[in-house]
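Enquirer: Below you will find the structure I want to go over with you.
What follows is calculated from the coordinates using simple rules that are stated; it is not laboratory data. Everything numeric here is computed off the predicted structure, so don't read it as measured data. So basically every Cβ, Gly included, is an ideal-geometry build from the backbone, and we count neighbours across all protein chains shown.
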Amino acid sequence: MSLPKPAFSVAPMMDWTDRHCRYFHRRISGRALLYTEMIVSAAIRHGQRERLLGFDSSEHPLALQLGGSDPAELALAARVGEDFGYDEINLNCGCPSDRVQSGAFGACLMNDAPLVADCVRAMRDAVSVPVTVKHRIGLGRSEEYGFVRDFVGTVAAGGCSVFIVHARNAWLEGLSPKENRTVPPLRYEVVHRLAADFPGLSFWINGGLADHAAIAGNAAGLAGAMIGREAYENPWMLQSWCAEHENDCVKYDVQNRTDSWLQVELKESELQKPKQPAACP
Ligand SMILES: Cc1cc2nc3c(=O)[nH]c(=O)nc-3n(C[C@H](O)[C@H](O)[C@H](O)COP(=O)(O)O)c2cc1C
């Protein structure tokens, strides 16, 4: 499915962009590319796949975000994701949480670009849908452009051609994940510099884009814009974006479509209720 220009996506957000949230977002925007929460590759290998990966077919186009750093395990998780019907497999190289660092994935992978390239290569060999990478513009307080440029160059050599760039550094020490989404300064110009230096690759811009003017201005010349907190906290912003950019937007009657969804959910929860034991004689 082709995306409208400029393309628009809703960010992966742990505990937020579950299937219910995505279903709701899809009622509002017909075309925004939606992302799952990060799902750890080991969980897909060992866990309950339907519970982790199941989604409603109306959620397309839908990308599965994976967390992990073992190429073989990521390849397996990507293949399972493709079999479930995901349209894109994305690797998280931007999450700074301690838990993720102790598993040696997320943002700390930016310190090991050759490993990320191996992961991408293994996933690409395993699936036919696009494999993309979401990352930061640097680690710690260093603003050295060469670090992110070399990261992108190395990962691109592994076969990734689409990069989603959260335009802030990740500080791996001293900040909580929440602070890591506000304290390190936004530097959108780095994303544009990457796009100029790698004209054959696609770059999506992410971080702090909260209104149409900011989105249109900062995503100009790039592949698209990814919106996180604003899409969750003010989902109606998707509607006004969609009204402006999606020709078929008028088809989306949010009220009716959400009501029918609630009816289906209620019916299913009724069906899943344990049967009451027969009354005692
Ligand atoms: C509650 C929450 C959970 C998040 N979980 C993830 C995640 O699982 N994977 C990821 O790559 N980014 C995650 N992020 C970061 C967002 O994807 C995004 O990069 C960040 O919020 C900046 O975009 P924004 O300013 O538009 O919100 C999370 C953000 C929030 C607010």
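Enquirer: So who's got an amide H within less than 5 Å of the one on Ser9, skipping anything under 5 residues away but keeping other chains? H placed 1.01 Å off N, in plane.
Expert: Hits under the 5 Å cutoff: Leu33, Ala225, Met226, Ile227.
Enquirer: Let me ask something additional. Going by how many other beta carbons lie within 10 Å of each one, how would you line up Thr154, Thr182, Thr132, Thr36, fewest first?
Expert: Fewest to most other Cβ atoms nearby, the residues stand as Thr182, Thr154, Thr132, Thr36.
Enquirer: Over the Cα atoms of segment 134-178, each weighted equally, I'd like the Debye log10 I(q)/I(0) at q = 0.22, 0.26, 0.34 Å⁻¹, rounded to two decimals.
Expert: -0.77, -0.96, -1.25
Enquirer: Another question about this same structure. Near Thr154, within a Cβ-to-Cβ distance under 13 Å, what is the net charge of the other residues, with Lys and Arg +1 and Asp and Glu -1?
Expert: For residues surrounding Thr154, the net value is -1.
Enquirer: Once Rh is set to the Kirkwood radius over Cα pairs, what Stokes-Einstein translational diffusion coefficient, in µm²/s, holds for segment 8-272 at a temperature of 4 °C and a viscosity of 1.567 mPa s?
Expert: Rounded to a whole number, D works out at 69 µm²/s.
Enquirer: Label points 7 Å out from Cα along the Cβ direction at Ser102 and Arg149: separation in nm?
Expert: Placing both labels 7 Å beyond Cα along the Cβ direction yields 3.8 nm.
Enquirer: So what's the back-of-envelope 222 nm ellipticity for the chain, counting only DSSP H runs of four-plus at -39500 (n - 2.57) apiece and dividing by all residues, rounded to 500?
Expert: Roughly -12500 deg cm²/dmol at 222 nm, from the helical runs in the chain.
Enquirer: Looking at segment 131-208, which trypsin sites (Lys or Arg not before Pro) are in a loop (DSSP not H, G, I, E or B) and have at most 13 other Cβ atoms within 10 Å?
Expert: Filter output for segment 131-208: Arg141, Lys178.
Enquirer: Next question. Which whole-Hz ³J(HN,Hα) couplings does segment 87-94 yield from phi under the Karplus relation 6.51 cos²θ - 1.76 cosθ + 1.60, θ = phi - 60°, glycine and proline marked x?
Expert: 8, 7, 10, 10, 9, 7, 10, x
Enquirer: On to the next question. Taking the Cα centre as origin and putting +1 on Lys and Arg beta-carbons and -1 on Asp and Glu beta-carbons, what dipole magnitude results for segment 8-272, to the nearest 20 debye?
Expert: Here the size comes out at about 240 debye.
Enquirer: Output needed for segment 69-181: three equivalent-ellipsoid semi-axes, defined as square roots of 5 times the C-alpha gyration tensor eigenvalues, in descending order, whole Å.
Expert: Its equivalent ellipsoid spans semi-axes of 24, 15, 12 Å.
Enquirer: I've got another one for you. Projecting each Cα onto the charge dipole of the chain (Lys/Arg +1, Asp/Glu -1 at the beta carbon, about the Cα centre), which of Pro12, Trp171, Leu209 comes out farthest on the positive side?
Expert: Working it through, the farthest residue towards the positive pole turns out to be Pro12.
Enquirer: Run the dipole for segment 103-214 about the Cα centre, Lys and Arg Cβ at +1, Asp and Glu Cβ at -1, nothing else charged, and hand back the magnitude in debye, nearest 20.
Expert: Dipole about the Cα centre, nearest 20: 180 debye.
Enquirer: I'd like the Karplus ³J(HN,Hα) series for segment 46-57: coefficients 6.51, -1.76, 1.60, θ = phi - 60°, whole numbers in Hz, and an x wherever there's a Gly or Pro.
Expert: 9, x, 7, 5, 4, 5, 6, 10, x, 8, 8, 4
Enquirer: Once you put a point 7 Å from the Cα of His20 and another 7 Å from the Cα of Ser176, both along the Cβ direction, what distance in nm separates them?
Expert: Between His20 and Ser176, the label points sit 2.4 nm apart.
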